[in-house]
Amino acid sequence: MSWQQNVKFECYERFRSPNRNAGPVEPGFYSRAAYFLARTNNMRKPVIAGNWKMYKTIAEAVDFIEKIKPVAAEAGHCEVIVGPPFTALSASAAAAKGSKVSVAAQNCHWDKEGAHTGDISTGMLRDAGCTHVIIGHSERRHDCGETDEQVNKKVKAALAAGLAPIFCVGETLAERESSETEKVLERQFVGGLAGLTPGDFSRIMIAYEPVWAIGTGRTATPEMAADAHRFLRGLARRQFGEQEANGVRILYGGSVKPDNVGALMAQEEIDGALVGGASLKVDSFRALVNYPRG
Ligand code: PGA
């Protein structure tokens with residue numbers, strides 16, 4: 001039984017059947033029911049997002065979007081986002097205009113403008129037609145030494161410009177092996193989202209991307225990912241409140257492929273996927289968007 005069927009069954013047993021007063025509810029029942037309602041009321045509509053990293057020319061990006069537009073149009077069950085490189089953003093947004101495909105940038109600067117050679121502001125991203133921006137991806141944290149404080153400034157700048165941040169967190173292999181996963185996630189979450197109001201928080205998505213699973217072919221098991229998502233949702237509850245925690249979409253990223261996306265998405269805690277390698281080919285992205293649903 002999928003988790004949705006399970007909760008429906010439990011609700012039926014609990015409230016509709018002759019056993020309705022049959023004793024105390026199972027531990028976790030109410031929070032499972034709240035998750036179910038949040039998902040079925042589309043508060044947490046699943047998201048399939050492609051992070052194209054440093055791949056695709058302008059022509060390749062536009063061609064891809066033209067091919068994926070009808071796929072997104074038919075995919076009422078999820079939101080579809082692509083993340084082209086900076087050079088292809090404007091043309092990608094123009095190609096996606098009026099369709100169900102949204103365009104995300106992969107990074108931004110926190111200042112509105114200024115002497116920052118090579119950087120791009122959130123206003124410029126809006127100008128190029130973006131609606132989303134990936135912030136704090138582990139490749140930027142590691143390649144460019146991005147800190148939680150910088151990530152925080154970027155999240156705030158994105159929100160101020162009207163962009164939806166896709167805020168990335170995740171532990172390295174060494175951190176997982178030394179049982180520091182939760183400590184690291186908490187540091188990244190608290191640092192990266194410091195000073196946000198619950199209203200701000202309701203406009204972001206979180207991507208949990210264990211660094212050891214990115215581009216390595218090693219996926220976290222659905223249960224491992226769900227545990228981390230549950231922990232992050234608990235942090236959201238503590239910092240922003242119950243309603244915001246139940247509403248925030250937490251995407252999993254790290255070697256998501258057409259053949260493992262169904263098992264990941266079957267977890268009630270996993271609201272979507274942020275996909276690198278497998279988002280680069282139309283056929284594979286189409287299969288991700290149309291992931292098996294129970
Ligand atoms: P991957 O990348 O799917 O190639 O592992 C995911 C990401 O970095 O967002």
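Taking every residue in the range 130-155 that is farther than 17 Å from F86 by Cα and pairing it with any residue that is of a type in the set (G, A, S), at least 6 positions away or on another chain, the pairs with Cβ-Cβ distances below 6 Å are S138/G170; D148/G191; D148/G192; V151/G136; V151/G192; N152/G192; N152/A194. Counting the residues of the range 262-294 that are touching a Pro at 6+ places or on another chain (Cβ under 8 Å) and within 11 Å of the ligand (Cβ to nearest atom) gives 3.
Which residues, counting only those in the range 130-145, are away from the ligand (no atom under 14 Å from the Cβ) and within 20 Å of the chain's Cα centre (by Cα)?
C130, T131 - these are the residues of the range 130-145 that are away from the ligand (no atom under 14 Å from the Cβ) and within 20 Å of the chain's Cα centre (by Cα).
Residues of the range 186-221 being open to solvent by 40 Å² or more (accessible area, probe 1.4 Å), within 11 Å of the ligand (Cβ to nearest atom) and in contact (Cβ under 8 Å) with a residue 40 or more places away in the chain, which ones? If the condition is that a residue be open to solvent by 40 Å² or more (accessible area, probe 1.4 Å), within 11 Å of the ligand (Cβ to nearest atom) and in contact (Cβ under 8 Å) with a residue 40 or more places away in the chain, then G215, T219 are the ones that fit. From the list E113, E175, E146, the one residue that fits, being surrounded by fewer than 18 Cβ atoms within 10 Å (Cβ to Cβ), of a type outside the set (S, T, Y) and not in a strand (DSSP E or B), is E113.
Answer yes if at least one residue in the range 40-56 is more than 20 Å from the chain's Cα centre (by Cα), more than 14 Å from G276 (Cα to Cα) and not in a strand (DSSP E or B), and no otherwise. Scanning the range 40-56 turns up no residue that is more than 20 Å from the chain's Cα centre (by Cα), more than 14 Å from G276 (Cα to Cα) and not in a strand (DSSP E or B).
Among the conditions (1) away from the ligand (no atom under 16 Å from the Cβ); (2) in contact with a Gly (Cβ under 9 Å, 6 or more places away or on another chain), the only one that L163 does not satisfy is (2).
Would you check which residues across the range 100-110 are within 20 Å of H77 (Cα to Cα) and open to solvent by 40 Å² or more (accessible area, probe 1.4 Å) and list them? Hit for the range 100-110 is K100, nothing else.
Take the range 222-250 and flag every residue that is part of a loop (DSSP other than H, G, I, E, B) and either under 21 Å from C78 (Cβ atoms) or open to solvent by 60 Å² or more (accessible area, probe 1.4 Å) (or both).
Within the range 222-250, the subset part of a loop (DSSP other than H, G, I, E, B) is 241, 248.
The one that is part of a loop (DSSP other than H, G, I, E, B) and either under 21 Å from C78 (Cβ atoms) or open to solvent by 60 Å² or more (accessible area, probe 1.4 Å) (or both): V248.
Filter the range 154-170 for residues that are open to solvent by 70 Å² or more (accessible area, probe 1.4 Å) and under 19 Å from the mean Cα position of the chain (by Cα) and give the result. So that I can check it myself, show each step before the final result.
Step one: list which residues in the range 154-170 are open to solvent by 70 Å² or more (accessible area, probe 1.4 Å), which gives 156, 160.
The one that is open to solvent by 70 Å² or more (accessible area, probe 1.4 Å) and under 19 Å from the mean Cα position of the chain (by Cα): K156.
Being closer than 21 Å to G192 by Cα, away from the ligand (no atom under 16 Å from the Cβ) and touching a Lys or Arg at 6+ places or on another chain (Cβ under 7 Å) is the filter here; which residues of the range 86-129 pass it? Scanning the range 86-129 gives C108, W110, S121, G123.
Condition check: closer than 23 Å to Q188 by Cα, aromatic (F, W, Y), modelled with pLDDT of 95 or more and in contact with a helix residue (DSSP H, G or I) (Cβ under 7 Å, 6 or more places away or on another chain). Does Y291 satisfy that? Steps first, please.
On the way: closer than 23 Å to Q188 by Cα: no; aromatic (F, W, Y): yes; modelled with pLDDT of 95 or more: yes; in contact with a helix residue (DSSP H, G or I) (Cβ under 7 Å, 6 or more places away or on another chain): yes.
When the stated conditions are applied, Y291 does not pass them.
Among the residues of the range 146-160, the ones that are of a type in the set (A, V, I, L, M, F, W, C) and within 16 Å of the ligand (Cβ to nearest atom) come to 1 in all.
The values are calculated or read from the model by the stated rules, or taken from the named source; none is laboratory data. What you are looking at is a predicted structure, and each value in this text was computed from that prediction instead of being measured. As a convention, Cβ positions derive from the backbone with ideal geometry for all residues, glycine included, and neighbour counts pool all protein chains shown. Accessible surface is based on the protein model in full, side chains and every heavy atom, while ligands, DNA and RNA are left aside. Shrake-Rupley method; radii C 1.70, N 1.55, O 1.52, S 1.80 Å.
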